[in-house]
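The values are calculated or read from the model by the stated rules, or taken from the named source; none is laboratory data. Here the structure is a predicted model, which means the values were calculated and not measured. Ideal geometry is used to build each Cβ from the backbone, glycine not excepted, and the neighbour counts take in all protein chains shown. Each accessible area value is taken on the protein alone, full model and side chains, heavy atoms only, with ligands, DNA and RNA left out. Shrake-Rupley method; radii C 1.70, N 1.55, O 1.52, S 1.80 Å.
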Amino acid sequence: TTDADNSLTLNLGIDSLTGASPSGVAPTGEVQVLTSPSGKGTTTYPANQLTLDDTFKDTRLSGSASWSQSAFGDDTTVNFGGSFSKEYDYLHLGLSGGLAREFNNKNTTFSVGLAYSGDTVQAVGSAPIPFSGQDAAKGSDSESKNTLDAMLGLTQVISKNTILQLNYGFSQSDGYLNDPYKWVSRVDASGSIVESLHEARPDSRTGHNVYASVKHSFADNKVLTASARVYSDDWGIDSYTLDTRFRVGLSGNTSIEPHIRYYHQSAADFYVPQLNATDSLPSYASADYRLAEFDAYTLGATYRWGDKKKWRLTGELYTQDPVATTLTAGQAGLDANPGFDAVMLSVGVKF
């Protein structure tokens with residue numbers, strides 16, 4: 001809802017997620033039997049097969065509310081908001097606030113924002129102790145992490161059809177940052193797994209990012225949006241993202257918007273496809289494919305229609321192409337991180 005000086009925005013979302021994900025256990029020429037996260041079952045994997053956790057299935061309920069109003073004169077707007085999301089093993093609660101001030105006959109806008117979230121991880125079978133084995137005792141039933149995000153932004157009207165946006169972002173996370181369902185294997189020279197251990201990540205993470213976007217409106221009801229983002233954190237991950245959307249107005253209140261995105265990241269300092277069984281354990285280690293070096297490509301489109309109720313249908317194909325990993329001679333022909341493709345479909349309505 002909106003009036004001349006105030007606006008209230010409410011969002012509600014339901015996501016259904018399913019699929020298989022690499023567990024982090026190294027591939028080997030031997031049959032493997034792994035215990036499920038709950039400890040109540042096992043899965044047998046044939047020799048030379050990547051160990052995928054295909055039990056993942058979840059429904060996530062999320063919502064957010066934000067209030068914006070004029071303050072300190074007509075050129076300044078403040079906003080406050082809250083957010084939540086709930087999965088069967090994860091709870092997110094967040095608060096945010098910001099301020100935006102217009103200058104230069106409202107052609108320039110400077111904004112600042114701050115957000116805090118307190119999340120609770122309630123892993124199936126309790127949170128594992130880092131570097132513990134399959135039969136080791138688990139840790140507490142729930143773990144927590146806190147995240148603080150800050151943003152500085154500048155929006156500049158270049159012409160009546162072109163807008164430039166520049167942002168700097170800072171993020172600081174502390175607490176339980178492990179994935180309770182990921183493993184890392186210790187492998188000997190013959191390619192046999194000596195043991196598989198729960199991963200161990202640092203308990204803090206600090207990141208910085210710079211974002212730039214240009215939006216241009218053409219005379220024939222077409223809008224081009226192009227953006228670039230550079231990110232770096234103290235886990236050793238550096239990344240950049242290039243994103244382009246081209247919205248084309250069709251008859252009535254309908255439009256189509258093709259979307260192309262390219263992403264590249266370097267590996268975290270502690271990412272390893274596996275550990276050498278003769279070496280002592282490092283301080284941190286993870287075989288999670290999301291922490292590896294890879295390129296990712298997204299190709300899709302969004303179709304919009306409706307007047308009072310504005311509907312959206314988005315379909316996208318995502319491909320992740322990792323850098324090849326080096327295993328032992330005993331694992332010749334095997335790949336701990338072969339990459340994957342994903343098809344994503346979402347529907348939304350705004351009223």
Next item on the list: Mind ranking 321-330, 340-349 by how tightly packed they are, going by the mean number of other C-beta atoms within 10 angstrom, highest first?
Entry: 321-330, 340-349
Next item on the list: Subtracting the Cα-Cα distance from 0.36 nm times the residue separation, let me have the gained length for LEU17 to THR108 in nm, one decimal.
Entry: 28.7 nm
Margin query: Along the Cα→Cβ direction, 7 angstrom out, place labels at VAL230 and ARG312. What is the inter-label distance in nm?
Written below: 2.9 nm
Next item on the list: Kindly flag which residue pairs out of LYS57/LYS308; LYS160/LYS309; LYS222/LYS310 have an alpha-carbon separation exceeding 23 Å in this structure.
Entry: LYS57/LYS308; LYS160/LYS309
Notebook entry, point to check: Residues of segment 183-338: accessible area per residue at 1.4 Å, in Å²?
Noted result: 51 Å²
Margin query: Just the number please: accessible area per residue for segment 1-127, 1.4 Å probe, all protein chains included, in Å².
Written below: 58 Å²
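Based on the Cβ-Cβ distance from LYS350 to THR278, what FRET efficiency comes out when R0 is 41 Å, to the nearest 0.05?
On the way: r = 58 Å, r/R0 = 1.42.
Given R0 = 41 Å and the Cβ-Cβ separation, E is 0.10.
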Checklist line | Correct choice for semi-axes √(5λ) of the Cα gyration tensor in Å that was computed from the model, options (1) 45, 24, 16; (2) 42, 23, 20; (3) 28, 26, 19 | finding: (2)
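Grab the Cα-Cα distance for ARG290 and LEU152, subtract it from 0.36 nm times how many residues apart they are, and report the gain in nm with one decimal.
Contour length minus the Cα-Cα distance gives 46.9 nm.
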Next item on the list: Compute the FRET efficiency between TYR303 and ASN48 as 1/(1 + (r/R0)^6), taking r as their Cβ-Cβ distance and R0 = 35 Å, and round to the nearest 0.05.
Entry: 0.25
Notebook entry, point to check: Among ALA277, ALA267, GLY306, whose Cα lies farthest out toward the positive end of the dipole of segment 259-351, if unit charges sit on the beta carbon of Lys, Arg (+1) and Asp, Glu (-1)?
Noted result: GLY306
Notebook entry, point to check: So which lysines pass the test for LYS145, namely a Cα distance under 21 Å, with those fewer than 8 places away in the same chain ruled out?
Noted result: LYS86, LYS182
Next item on the list: Pull up the cross-link candidates among the aspartates and glutamates for LYS350, meaning alpha carbon to alpha carbon under 19 Å and not fewer than 8 places away within one chain.
Entry: ASP3, ASP15, GLU257, ASP307
Next item on the list: Report in % the part of the accessible area of segment 239-351 that belongs to carbon and sulfur, leaving out ligands and nucleic acids; probe 1.4 Å.
Entry: 57 percent
Next item on the list: Note down the nm distance, to one decimal, between modelled labels 7 Å out along Cα→Cβ at PHE80 and at ARG60.
Entry: 2.7 nm
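Given a 1.4 angstrom probe, I'd like the percentage of the accessible area of segment 113-220 that is carbon and sulfur, rounded to a whole number. Display every interim value, and only then the final one.
On the way: 3010 of 5260 Å².
About 57 percent, which is the carbon plus sulfur part of the accessible surface.
What is the percent carbon and sulfur in the accessible area of segment 1-107, measuring with a 1.4 Å probe over the protein chains and ignoring ligands?
Working: 3650 of 6590 Å².
Here it works out to 55 percent.
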